[in-house]
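Colleague: Sharing a structure, written as structure tokens. Questions coming.
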Amino acid sequence: MLYLLASGQAHTRQEVAQLLSVHRNTIGHWLGLYASGCLDALLVLYVPAGKPLSLPPDVLAALAQVLRQPAGFASYVELRQWIKQTQHLDVNYHTLYTIVLTRLKAKLKVPRPSHTKKPGGHTCVSGHLPGAAAACHSAGEHPPGARVQSRRKPTGLIDGAPPAPDGPWGPTHRGDPAHP
């Protein structure tokens, strides 16, 4: 900015602002800083006040390392418990959630149940990945009590009740001229 004014490339604040792609009031602020404290005032970097991060750097590094592992955590509550056990710190849930998402740019890596109509169609809710569903069925790897979702539609018999008769809009009357 000072060079542009001294060399004559710009004569007004507006011209300097256009050349530097900043607002003219910013140029006025910079000139005011220069007038009050010379060049040293322009070189001071402003660091906005803010609350310091609640986790020490070594805990952040350990947390980042753990979140890179493929096993992951099932929830932020489980992650809080891990920090309490390993780092001996009690971290607020919301604080941990915000740090993981904004500072570490990470997400919890846990296989979630998939909808039955999605390709792959079957999810082992016990923790197996959807792609491994066929392998876990053939190997009999489901733990006792594991819920398994499949793409099969119900047969119509629910708890021994007969299927409901088709109404006037059911499949037996479509396109049949005898049934208006």
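The values are calculated or read from the model by the stated rules, or taken from the named source; none is laboratory data. Keep in mind the model is a prediction, meaning the values are calculated, not measured. Glycine gets a Cβ as well: all are built from the backbone with ideal geometry, and neighbour counts include every protein chain shown.
Colleague: So, in the range 67-86, of the ones that are out of contact with any Leu (no Cβ under 8 Å at 6 or more places or on another chain), hydrophobic (A, V, I, L, M, F, W, C) and modelled with pLDDT of 90 or more, which residue ends up surrounded by the fewest Cβ atoms within 10 Å (Cβ to Cβ)?
Modeller: Of all residues in the range 67-86, those out of contact with any Leu (no Cβ under 8 Å at 6 or more places or on another chain) come to 68-71, 77-78, 81-82, 84-86.
Still in the list and also hydrophobic (A, V, I, L, M, F, W, C): 71, 77, 82.
Next, from what is left, pick out any that are modelled with pLDDT of 90 or more: 77, 82.
On the way: Val77: 11, Trp82: 14.
Across the range 67-86, the extreme among qualifying residues is Val77.
Colleague: Within the range 53-66, take every residue that is surrounded by 10 or more Cβ atoms within 10 Å (Cβ to Cβ) and not aliphatic (A, V, I, L, M) and give me the one that is modelled with the highest pLDDT.
Modeller: Filtering the range 53-66 for residues that are surrounded by 10 or more Cβ atoms within 10 Å (Cβ to Cβ) and not aliphatic (A, V, I, L, M), the one modelled with the highest pLDDT comes out as Pro56.
Colleague: Turning to a different aspect of this structure: Mind counting the residues in the range 82-103 that are within 14 Å of Leu60 (Cβ to Cβ) and touching a Lys or Arg at 6+ places or on another chain (Cβ under 8 Å)?
Modeller: Number of matching residues: 4.
Colleague: For the range 87-140, which positions are at pLDDT 55 or above, over 21 Å from the mean Cα position of the chain (by Cα) and surrounded by 11 or more Cβ atoms within 10 Å (Cβ to Cβ)?
Modeller: Gln87, Leu89, Thr116, Lys118, Gly120
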